[in-house]
Structure formats: C-alpha cells, structure tokens
1. For the chain, what relative contact order do you get, as a whole percent, if you take Cα pairs closer than 8 Å and at least 6 residues apart?
2. State the extension gain, in nm to one decimal, for the chain segment bounded by residue 418 and residue 140, taking 0.36 nm per residue of separation less the distance between their alpha-carbons.
3. Tell me, in nm to one decimal, what length is gained between residue 397 and residue 208 on full extension, where the rule is 0.36 nm per residue of separation less the Cα-Cα distance?
4. At 7 Å along Cα-to-Cβ for each site, give me the label-to-label distance between residue 333 and residue 40 in nm.
5. Given axes a ≥ b ≥ c from the Cα gyration tensor, I'd like to know whether region 324-432 is rounded (a/c under 1.5), prolate (a/b larger than b/c) or oblate.
6. Helix 246-262: angle to the longest alpha-carbon principal axis of the chain, degrees 0 to 90, nearest 10?
7. Given a cut-off of under 8 Å on Cα pairs at least six residues apart, what relative contact order in percent is computed for region 43-131?
8. Can you work out D for the chain in µm² s⁻¹ from Stokes-Einstein, where Rh is the Kirkwood radius over C-alpha pairs, the temperature is 10 °C and the viscosity is 1.306 mPa s?
C-alpha cells in the first residue's frame with residue numbers, strides 16, 4: 001500500500017480561479033467551510049494529510065510590478081494557514097492537517113509554542129511544513145535588506161529545528177499531573193530550561209504550555225537541492241518531492257534512504273510522497289481530450305509562465321531575449337527555488353522553449369479511475385517509494401473526481417488504506 005496527501009498549492013487563497021466549476025470561490029476562499037468540506041472529502045478517501053502552502057509577499061519581480069500577480073491572483077491574496085488548521089481538524093476525525101512555516105521568520109520559541117498549541121487543538125493531527133522561503137521581498141517584509149544565501153538558509157534551519165526540538169522536550173512525559181487532591185497541576189521537577197545558544201538562535205525556555213498528544217508535530221519538508229535533501233533526510237517525517245519520470249523519482253527515494261542511513265535514522269520513519277496531478281474522466285479517451293485541452297490552455301498562457309519563472313528564479317524573465325539561451329552563469333546566480341529552475345532550464349535551449357515546460361508533476365497520469373489506479377500502483381512498485389502528493393487545481397469537482405472516483409478504484413486494488421488504524425497523525429503515517 002502507499003500513502004496519499006493533497007498539496008493545497010494556492011494556500012488559503014483563491015482556489016481554481018477562472019476554472020470551470022469553481023463555483024463561488026471568489027467569496028468562499030477566505031471562509032473555513034470550503035476547506036472543511038474538502039478535508040471531509042479527502043478523509044472519506046483515506047488521505048493521510050492535507051498540506052497548505054504559504055508565501056509571505058506580493059510578487060513584483062516580473063516587469064518590476066505587482067500588477068500581474070494581483071490582477072491574476074498569482075500567490076495573492078493569501079491568508080495565514082495556521083488558524084485554518086484547527087477548524088479543519090474540528091470538522092474531521094482522522095486526516096492530518098499541515099501548515100507551512102518559514103523558518104527564517106519564525107523565532108524558535110514562537111514556532112514551538114504554536115506547534116504545541118495546534119497539536120493540542122487538533123488532538124494530535126497537526127504537522128508543520130518547514131520552508132526557508134526564497135524571495136528577497138519576503139525577507140524585506142521581516143526587516144532584512146535581502147534574503148540569506150540559499151545554503152545558509154538551510155544551515156540556519158538545521159539549528160532552528162534543533163532549538164525547537166529542545167523546547168518541545170522541555171516538558172518531560174508525565175509532567176502534567178492535574179491532581180485535584182494535592183491541587184498540583186504540573187510537577188515542576190519535570191519542566192526544564194533549555195538554555196539553547198547557537199550561531200543564529202538563542203532561547204532560554206522552557207515552553208509555557210503543556211505538550212500536545214504527539215509531543216512533536218509531524219515535520220514535513222520539500223527540498224530538491226542537496227541542502228534541502230539533507231535537511232529533510234535529517235529531520236522530516238514526510239518529504240514531498242518531484243522527479244521527472246520514474247528513474248528520477250526512484251533516484252530521489254534512493255538518495256533520501258542513503259542520507260537517512262548516514263544520519264542513523266530508519267528510512268521507514270520518513271514517507272516520501274511524489275507530486276502528481278492526475279486527470280480523471282469517465283473513459284480513457286475523455287481523459288486524453290481533457291488533458292490535451294488543459295495542456296493547450298497552459299501553453300497559450302505564455303505570460304503566466306514567464307511570471308512563475310520570475311518568481312522561482314528571482315530574476316525578471318521579461319528582460320531576457322526569448323529566442324536566445326540564458327546566460328551561462330544564470331543557474332549559479334539563482335538564490336530561490338534551485339531544483340525547480342534546474343528542471344526548467346534543462347527543458348529547453350531558449351527561454352521560449354523553457355516556457356513550454358510545466359513543472360507540476362513527477363509523472364503524467366490520465367484516464368478512467370481504474371486506468372489511473374493501475375498506473376499509480378505500477379509506478380509506485382517500481383520506485384519503491386511511499387506515496388503520492390496531489391496538486392490538482394482545486395474545485396469541488398476535481399476533489400470529487402479523486403475522492404469519489406480514483407480513491408475507490410485504488411481501494412479495490414488494495415493500494416491504499418480503507419480506514420485509519422490510529423488516532424494520531426504520525427502513527428497513521430507509520431502504519432505501513
């Protein structure tokens with residue numbers, strides 16, 4: 001069997017804007033009902049978790065203006081995902097809920113306290129997706145002149161999670177007594193300062209709130225660069241990844257296993273999920289037609305591709321000649337999404353060719369529910385991986401196609417769970 005999760009790639013933002021069947025999302029996106037409904041659908045399909053993306057800027061790299069991002073709703077408007085997590089958990093019983101935190105901008109004490117509080121409020125079903133952020137604009141929103149260099153961000157994140165873990169451990173098991181006879185709430189001998197002092201972070205501790213059911217929220221991470229892979233292999237409970245085809249997916253999984261062994265970790269304790277966006281229809285032919293229309297619409301939206309490449313790279317792509325190769329030192333100067341831009345640059349010689357590349361999935365699946373279920377099973381068996389992360393454009397229809405079409409076909413083949421065996425998020429991740 002393999003695991004499944006959903007990547008809400010617009011965060012708490014305008015889902016499926018402009019797509020068919022997007023309903024009244026223009027007014028729904030900032031309300032909890034839409035996300036609770038989605039969580040219930042995915043729980044019925046026995047997904048492990050929903051992960052909510054986040055970013056901390058209004059992008060103005062493309063053409064030096066916020067106009068395109070704001071007009072088209074690219075990454076904005078977007079609300080903080082953290083308040084949504086307990087609401088989604090309250091409306092469900094089993095599915096994990098994961099919110100994104102940018103480690104450079106959350107002091108360790110704030111993050112540790114928030115993670116523990118959310119673990120309490122969700123009855124042990126919360127996770128934190130740790131990112132290091134990529135944009136200078138994000139850094140400037142938090143008082144920096146520009147963002148830290150790529151690998152330095154991961155060096156800082158490594159120390160950050162060390163501090164956060166020590167804060168989570170500052171209350172020993174059994175520290176909360178709640179003895180009405182002695183009137184003791186907490187045994188003070190089991191709560192300790194941490195006195196953490198590193199190169200980048202410092203915190204006295206202890207936390208002033210009691211541990212949640214998991215004690216340590218599930219840690220999620222996505223990193224394709226060597227520094228990102230090292231961080232995820234060392235600290236994550238689940239890694240979300242993208243690889244161009246079976247061989248790259250297989251290589252990524254093997255690399256994570258090798259790194260985890262080097263860190264003295266059991267590779268079975270971290271589940272690697274690969275990004276996909278399957279296209280489902282009643283028949284294989286209908287799904288192929290749907291795929292072709294979708295690809296044609298993406299290719300026609302040329303400017304949107306340039307804007308996304310600008311965001312991922314940190315360079316205004318409108319300033320480059322479309323029919324000339326990028327400068328030889330281009331990739332070496334990218335301080336943003338390095339693995340994404342490596343894949344984009346590999347896809348073509350000129351910028352015009354590169355804009356045809358859609359880095360949205362590891363492998364293309366399309367067809368009837370039974371056809372796609374069979375394909376997914378075959379690929380996962382060959383990879384030896386742990387599961388899939390869905391990144392489809394979100395409308396109630398697309399979610400239903402997965403939850404009520406594909407998931408039953410996967411269950412029928414014995415490829416995914418038919419129910420949840422445990423109460424806690426981490427225990428369900430480790431169930432197989």
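1. Numbers: 799 pairs, mean separation 92.3, N = 432.
The value is 21 percent.
2. Working: separation 278, 0.36 × 278 = 100.08 nm, distance 4.65 nm.
Once the chain is fully extended between residue 418 and residue 140, it gains 95.4 nm.
3. On the way: separation 189, 0.36 × 189 = 68.04 nm, distance 4.39 nm.
63.6 nm is the gain from fully extending residue 397 to residue 208.
4. Result: 5.2 nm between the two label points.
5. Working: a/c = 2.60, a/b = 1.97, b/c = 1.32.
Prolate, because a/c is 1.5 or more and a/b exceeds b/c.
6. Once rounded, one gets 20 degrees.
7. On the way: 106 pairs, mean separation 28.3, N = 89.
After rounding, I find 32 percent.
8. Numbers: Rh = 22.7 Å.
Reported coefficient: 70 µm²/s.
A short reminder: the numbers here are calculations on the coordinates, not readings from a lab. All figures in this text were calculated on a predicted structure; none of them were measured in a lab. Heads up, the Cβs are rebuilt from the backbone with ideal geometry, glycines too, and the neighbour counts pull from every protein chain shown.
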